[in-house]
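Q: Before I ask anything, here is the structure I am working with.
The values are calculated or read from the model by the stated rules, or taken from the named source; none is laboratory data. Just so it is clear, the structure is predicted and the values come from calculations on it, not from any experiment. Every residue, glycine among them, receives a Cβ derived from its backbone with ideal geometry; neighbour counts consider all protein chains shown. Areas reflect the complete protein model, heavy atoms only, side chains present, ligands, DNA and RNA absent. Shrake-Rupley method; radii C 1.70, N 1.55, O 1.52, S 1.80 Å.
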Amino acid sequence: MKQKTTCILAATLAASFATAESVVKPLNEKGFGTLSGRLQSVSMYRDYDNGANAYSTTLGFLLKYTSPDLSGWSLGAAYNGAGVLDSMDYGKTANPGDYLVSNGRIHVLNEAYVNYTFLEYSSASVGRQINNAEVFRADDIRQKSRSITALQARFNDIGHWRFAGGHAIEQSGILDAGDRWKFRNYGEIFGKSYDTDGMTWGEAAYTGMEELDIALFDAAAWDVANLFGIRAGYTLSEKTSLLGYYRNEFNLGRAATHHADALGLSVVQRVGKVRVEGGYFGVYGDGLQFNPFTTGFNHALGTSLMFYTDTFAGGADSFYLKATTRLERSETILYTLLQYTKQNDLAALNSAGELDLIVKQPVGENMTVCGKAGLGYQDGPNTPAGDFRLFLTYAF
């Protein structure tokens with residue numbers, strides 16, 4: 001059965017490579033809306049410190065549709081599906097690919113919304129939609145992005161400010177395991193034993209100074225916690241800038257007592273054609289509940305592959321250095337992140353380091369190949385770990 005499924009999916013992929021652009025382009029030219037999407041294989045292998053290891057390869061399909069604008073009204077939809085081509089636990093479980101790598105089967109209408117545009121650049125929408133801003137992040141790290149079911153609005157160019165906010169009742173996750181890719185109540189998202197009334201949030205960004213990028217945001221996850229944060233960037237010169245970050249969390253409603261603060265400060269420097277960023281990020285009090293595994297996290301440290309260092313635990317002090325560049329002739333993107341986190345002596349966690357390397361190569365107009373490798377090392381028991389991924393993506 002596995003071999004039959006693999007052959008069917010491989011044939012579908014090959015046929016789609018040959019026909020996707022030729023089919024979609026004429027349809028889009030007819031003016032009935034815009035179709036786009038991708039075919040993507042994701043291969044992952046992990047080997048962790050306790051002897052646990054797993055691998056999985058999935059083949060996924062994304063199809064998006066956006067309707068034409070009609071007197072300010074439009075609608076959109078996006079479907080994500082993925083099947084498992086091979087995995088270490090294939091045939092041993094009903095959900096192959098879930099274990100350790102969270103690279104399993106998915107089947108979800110990830111977006112389905114109605115949008116109304118008014119006051120030239122402002123808009124309001126209702127339904128399932130990807131939100132990639134201060135509170136929520138898309139984090140398309142496997143076969144789908146994080147998405148929320150919400151009523152939300154965006155107001156642009158009001159004086160020198162941009163505003164956004166709304167109320168979300170459920171959210172789909174980014175890990176393709178169990179039911180975490182499905183739309184779930186925020187009680188489940190935050191690991192509570194009860195349902196909640198969702199999340200209300202607001203964001204504001206100041207645009208009045210070219211050298212200053214500053215945003216304020218607040219989110220109330222009812223009966224869980226409230227988040228308040230400030231993110232700022234200031235350009236000192238053509239090659240040098242500073243980044244600052246602050247977050248505060250406290251419990252709401254019937255949730256247990258919770259208080260956490262997070263503080264970050266970084267320097268960004270252009271060295272030739274390389275962008276180098278280094279800095280500090282610390283968590284004080286309890287561990288952060290608004291993190292990459294719940295709503296997402298708008299900070300450079302949210303890009304690590306394994307989170308092997310427990311960056312978001314209470315009392316964690318993290319130091320990082322990352323570099324990014326693009327090779328002009330080949331258009332190859334190179335990215336590396338080196339991170340070390342020192343844990344609080346009272347925490348039952350080990351201090352650890354992680355090195356991540358990413359190489360992304362476009363092949364023609366529609367194809368990209370992306371390889372990722374993460375190496376981790378924990379103090380104390382002196383245990384290494386590895387994370388390796390290969391993405392083959394065809395966009396149309």
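Q: Identify, among Gly202, Asn344, Val271, the residue whose Cα sits farthest towards the positive end of the charge dipole of the chain, taking +1 on the Cβ of Lys and Arg and -1 on the Cβ of Asp and Glu, with the dipole about the Cα centre.
A: Sorting the options by dipole projection puts first Val271.
Q: About the Cα centre, and with charges only on the beta carbon of Lys, Arg (+1) and Asp, Glu (-1), how big is the dipole of the chain? Nearest 20 debye, please. Could you put the intermediate results ahead of the total?
A: On the way: 34 positive and 41 negative charges, 223 e Å.
With Lys and Arg at +1 and Asp and Glu at -1, about 1080 debye.
Q: A follow-up question, please. If you add up the charges near Gln339, with Lys and Arg at +1 and Asp and Glu at -1, over every other residue whose beta carbon is less than 10 angstrom from its beta carbon, what do you get?
A: Neighbourhood net charge equals -1.
Q: Any idea how far the Cα center of the range 332-396 sits from the one of the range 32-75, in Å?
A: Centre-to-centre (Cα) distance: 20 Å.
Q: Can you give the charge dipole size of the range 75-199 about its Cα centre, rounded to the nearest 20 debye, using +1 on the beta carbon of Lys and Arg and -1 on the beta carbon of Asp and Glu?
A: Charge dipole, the range 75-199, about its Cα centre: 60 debye, nearest 20.
Q: Given the pairs Lys182/Lys360; Lys92/Lys360; Lys30/Lys144; Lys322/Lys342; Lys273/Lys322, which span a C-alpha to C-alpha distance of over 23 angstrom in this model?
A: Lys182/Lys360; Lys92/Lys360; Lys30/Lys144
Q: Would you mind computing, in nm to one decimal, how far apart the modelled labels at Leu119 and Ile158 are, each placed 7 Å from Cα along Cα→Cβ?
A: 0.5
Q: In addition: Can you pull the percent of the range 106-226's accessible area that's carbon plus sulfur, 1.4 Å probe, other chains left in place?
A: 55
Q: Suppose a student asked you for the relative contact order of the range 121-170, using Cα pairs under 8 Å spaced at least 6 residues apart; what percent would you report?
A: Working: 82 pairs, mean separation 18.5, N = 50.
Here the relative contact order equals 37 percent.
Q: Of all the accessible heavy-atom surface of the range 248-396, with the other protein chains kept in place and a 1.4 Å probe, what percent is carbon and sulfur?
A: Ligands and nucleic acids excluded, carbon and sulfur give 62 percent.
Q: Turning to a different aspect of this structure: For the ranges 290-302, 26-38, what's the packing order if you count other beta-carbon atoms within 10 Å of each residue, average per peptide, and put the highest first?
A: The peptides rank, most packed first, as 290-302, 26-38.
Q: Can you give the local net charge around Gly191? Use residues other than it whose beta-carbon is closer than 12 angstrom to its beta-carbon, Lys and Arg +1, Asp and Glu -1.
A: Local net charge: +2.
Q: So how strong a dipole does the range 170-210 carry about its Cα centre when Lys and Arg Cβ are +1 and Asp and Glu Cβ are -1, to the nearest 20 debye?
A: Dipole size: approximately 160 debye.
Q: Using the heavy atoms of the protein chains and a 1.4 angstrom probe, tell me the accessible area per residue for the chain in square angstrom.
A: Accessible surface, normalised per residue, equals 48 Å².
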